[in-house]
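First the structure, in the form of structure tokens, and then the observations on it.
The values are calculated or read from the model by the stated rules, or taken from the named source; none is laboratory data. Worth saying up front: this structure is predicted, and the values here are computed from it rather than measured. Cβ placement follows ideal geometry from the backbone for every residue including glycine, while neighbour counts extend to all protein chains displayed.
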Amino acid sequence: MSSLSTNPLIGIIGSGFIVNDCHLPAYRKLKFNPVAIASRTKAHAETVAANHKIETIHESIDSLLADPSIEVLDIAVPPQHQPDLIREACRIGTVKGILAQKPLALDYAEAVSVVEACEGAGIVLAVNQNMRFDPSVVEASRLLKHGILGEPVFTTIDMRGIPHWQPWQEELQSATLKIMSIHHLDCIRHWHGDPEAIYCSTRPDPRTTFPHHDGICTGILEYADGFRATIIDDVWTGPAHEGCPADIRIEYRIEGTEGLAIGRIGWCQDPYTSPSTLRHAAKGDQDFISADLNGSWFPDAFGSTMLDLLNALRNDSAPSLNGRDNLKTIALVEAAVISSQEQRRVRLDEILQTNKTSL
């Protein structure tokens, strides 16, 4: 878009861990231009602004939304508050792009309304499904795209971690499905396309004190051609906080007719920024090949999601993480929730057909 600045002015809404420890370090590394910040608590915004040399601290979120100089809006607030902020930005209509957090909304119907609001206002919407840009996930995508692993047969993602940065989830009474599983469901979609159905079984996490049903989640994604994927998301991870040695990790394994890839996501190990890794082998190889990767999921992937949006704005195209595509990820999460509650296999079409929208 010709009206976009060479280095677009980014306004940040939110001042929590994700902004301070992930978004802004990654943005500075790529020389992006975050110029303003607002938060529900101004003192928090002031602290983050001082940490990252942000020039303008708005008195309120409404004040930042009304700032006509902001070209790109980076929203990093709890999901129960996000849709109204996006709709207000659409009503004002001055920003050109919005990077929203996942989940885009708490249910599929509201996610559709948010996407349609942005489309009606001519605002490009991207959703921060940043696991797609983890270095090992990017490399695994390349292996799949070029057929190095052959036809995919079976993929697994196994998370043993204790996320610590989302205290707002108590309001949602959800520990995992809308918090971490959404990343892994989106990643499977990214690698293998949309499944036909999902079966999800859950149980509460013994450590988590607020009411919830999804502390430990196991999901089976079924595809019409026979391909299967499984996801294990475990935020209990044994009594690691209570003195037991822990094996904290996120690993995945992609098995194909011609080869095998095994990856580890670099975020929940010690130290915090442990690198992502991937090793793969094909028929005839004597040993695994270790991919030459740089960086990790946290914080590096957060720069890539903003870059994806900025490039889309410059080229007048859709970002790869566009809101319209993300509706299928939201639908898959909703299908997993229904499956766990009703103890049955749920087809993705059951969710998509509840709201008539062109996908």
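Numerical summary
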| item | result |
| --- | --- |
| Pairs with Cβ under 9 Å, 6+ apart, first in region 85-106 and more than 24 Å from THR176 (Cα to Cα), second surrounded by fewer than 23 Cβ atoms within 10 Å (Cβ to Cβ) and at pLDDT below 95 | LYS96/MET1; LYS96/SER3; LYS96/LEU4; GLY97/LEU4 |
| Residue that is of a type in the set (A, V, I, L, M, F, W, C), touching a helix residue (DSSP H, G or I) at 6+ places or on another chain (Cβ under 8 Å) and not assigned by TED's automatic domain parsing to the domain that holds PRO195, where the choices are ALA312, ALA291, ALA318 | ALA318 |
| Residues of region 143-167 satisfying the condition of being surrounded by fewer than 18 Cβ atoms within 10 Å (Cβ to Cβ), in a strand (DSSP E or B) and among the aliphatic types (A, V, I, L, M) | VAL153 |
| Matching option when the condition is among the acidic types (Asp, Glu), surrounded by fewer than 18 Cβ atoms within 10 Å (Cβ to Cβ), in the same structural domain as VAL138 (by TED's automatic domain parsing) and closer than 22 Å to SER136 by Cα, among GLU251, GLU242 | GLU251 |
| Filtered residues of region 279-300 (kept if in contact with a Pro (Cβ under 8 Å, 6 or more places away or on another chain) and either surrounded by fewer than 17 Cβ atoms within 10 Å (Cβ to Cβ) or not in a loop (DSSP other than H, G, I, E, B) (or both)) | ASN294, ASP300 |
| Of all residues in region 271-329 being among the small types (Gly, Ala, Ser) and under 13 Å from the mean Cα position of the chain (by Cα), the one that is nearest to THR354 (Cα to Cα) | GLY323 |
| Strands (runs of 3 or more DSSP E) (entirely within region 222-265) containing at least 3 residues that are of a type in the set (Gly, Ala, Ser) and either touching a residue at least 12 places away in the same chain (Cβ under 8 Å) or farther than 25 Å from ALA175 by Cα (or both) | 259-264 |
| Hey, GLU110 modelled with pLDDT of 95 or more, part of a helix (DSSP H, G or I), in contact with a strand residue (DSSP E or B) (Cβ under 9 Å, 6 or more places away or on another chain) and assigned by TED's automatic domain parsing to the domain that holds GLY16 or not | no |
| Set LEU85, LEU64: member being farther than 18 Å from LEU321 by Cα, out of contact with any helix residue (DSSP H, G or I) (no Cβ under 8 Å at 6 or more places or on another chain) and hydrophobic (A, V, I, L, M, F, W, C) | LEU64 |
| Residue in region 332-347 that is assigned to a loop (DSSP other than H, G, I, E, B), in the same structural domain as GLU151 (by TED's automatic domain parsing) and surrounded by 13 or more Cβ atoms within 10 Å (Cβ to Cβ) present | no |
| Scope region 2-39; condition in a loop (DSSP other than H, G, I, E, B), touching a helix residue (DSSP H, G or I) at 6+ places or on another chain (Cβ under 7 Å) and at pLDDT 95 or above; matching residues | PRO8, SER15, LEU30, PHE32, SER39 |
